[in-house]
């Protein structure tokens, strides 16, 4: 640390400013300095319901068996696809809030997150290196996550380098691999400092660069990346391609946090959970027409609901949800559930949409008349369904 007092003053300033949101485990108090100049700080303890990003990538964590004293593996996996995509939304949103506060993280890596694998809730930790954008106190970053310009030594961490590191984190969460580790990298038996400078700095090459196939993932080594690259829809893959091609050399071409947030909100909307057990994105289902999908496994068809403020449609299946950001123009609330497709308790097989919001909806019923649907109430699903939420309308 080149200037401990300056570093300490920055933490003190962050404590005074407060956390950008509740997604951060933020420094709360500084300790007194010791005679040798060392000091510490206090923060909240991580809740037990959150697992480290490292453990999620490894798919397990080590716990000590109280009977034998031995370390045993305990699986760490997301409960479902929706929880994982929600985690991506939360990560992007956390850094959107941080950057809007005029600060940069500067050391974004797999050790900086804890995630609730049941809900997708996220806590950002290791916040002692966060500083005002443009300021740096000696933090460089972790190899594999640092932007190429930092690896090359021609730039210091800031919000633009955060955007690159954010793309790496999101890629690793979705594809379970390194965006730059392909055939070219594995040819180097030992990743020396010179090799890291080449593969992650001066000659960094995305594994799915559309114009250069020399660093493609290798079967038997990068099987996760190969498998998942086929699954995700084109708009997600295009965002990573842009981030890791144009964004490698031009920081201004990197995907901004709000754009990531919008992309993953769409991805979450396009999940289909079929009764046969197949759960995947609409890109992996057969498109019957502009408003209907078909399960390739069992043949079940899914109608969709289109919102006037979205370019895409939401598949309808029991348990699917839409959110406040879907029914209110310019809303940033991607957590609050506004509506849910449910089965009528008294009439099995009859489906309807429950109003989980605090708004009164105007809904077109089968008699072609509009009726009010109060919070907590519902309306039936039928081919001509139309819902007026106020700012936004939705139609089947």
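Numbers at a glance
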read-out: Sole exception among (1) in a strand (DSSP E or B); (2) closer than 21 Å to residue 97 by Cα for residue 293, by number; value: (2)
read-out: Test: residue 207 is under 28 Å from residue 153 (Cα atoms) and in contact (Cβ under 8 Å) with a residue 24 or more places away in the chain; value: yes
read-out: Given (1) touching a residue at least 60 places away in the same chain (Cβ under 8 Å); (2) part of a helix (DSSP H, G or I), index of the condition residue 227 fails; value: (1)
read-out: Hey, residue 128 surrounded by 22 or more Cβ atoms within 10 Å (Cβ to Cβ) and in contact (Cβ under 8 Å) with a residue 40 or more places away in the chain or not; value: no
read-out: Test: residue in the range 239-251 that is surrounded by fewer than 18 Cβ atoms within 10 Å (Cβ to Cβ), farther than 30 Å from residue 154 by Cα and over 18 Å from the mean Cα position of the chain (by Cα); value: no
read-out: Qualifying residue in the range 165-177 (condition: in a loop (DSSP other than H, G, I, E, B), in the same structural domain as residue 215 (by TED's automatic domain parsing) and touching a residue at least 12 places away in the same chain (Cβ under 8 Å)); value: yes
read-out: Residue in the range 259-268 that is part of a helix (DSSP H, G or I), in contact with a strand residue (DSSP E or B) (Cβ under 7 Å, 6 or more places away or on another chain) and modelled with pLDDT of 95 or more present; value: yes
read-out: Residue, surrounded by the fewest Cβ atoms within 10 Å (Cβ to Cβ), within the range 131-147, restricted to residues that are at pLDDT 90 or above and touching a strand residue (DSSP E or B) at 6+ places or on another chain (Cβ under 8 Å); value: 132
read-out: Filter result for residue 201 (modelled with pLDDT under 95 and closer than 29 Å to residue 301 by Cα); value: no
read-out: Tabulated pairs, the range 64-90, first over 27 Å from residue 259 (Cβ atoms), second part of a helix (DSSP H, G or I), C-beta under 7 angstrom, 6+ apart or interchain; value: 76/55; 76/56
read-out: Residue list for the range 43-54, restricted to those being surrounded by 11 or more Cβ atoms within 10 Å (Cβ to Cβ) and over 16 Å from residue 224 (Cβ atoms); value: 43, 44, 46, 47, 49, 50, 51, 52
read-out: Criterion violated by residue 198 - all others in (1) free of Cβ contacts under 8 Å to residues at least 12 places away in the same chain; (2) farther than 22 Å from residue 108 by Cα satisfied; value: (2)
read-out: Filter result for the condition that a residue is touching a helix residue (DSSP H, G or I) at 6+ places or on another chain (Cβ under 8 Å), at pLDDT 95 or above, assigned by TED's automatic domain parsing to the domain that holds residue 307 and outside any helix (DSSP H, G or I), over 280, 215; value: 280
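The values are calculated or read from the model by the stated rules, or taken from the named source; none is laboratory data. Note that the structure is a prediction, hence the values are computed from the model and not measured. Don't worry about glycine lacking a Cβ; one is built from the backbone with ideal geometry, like all the others, and counts go over all protein chains shown.
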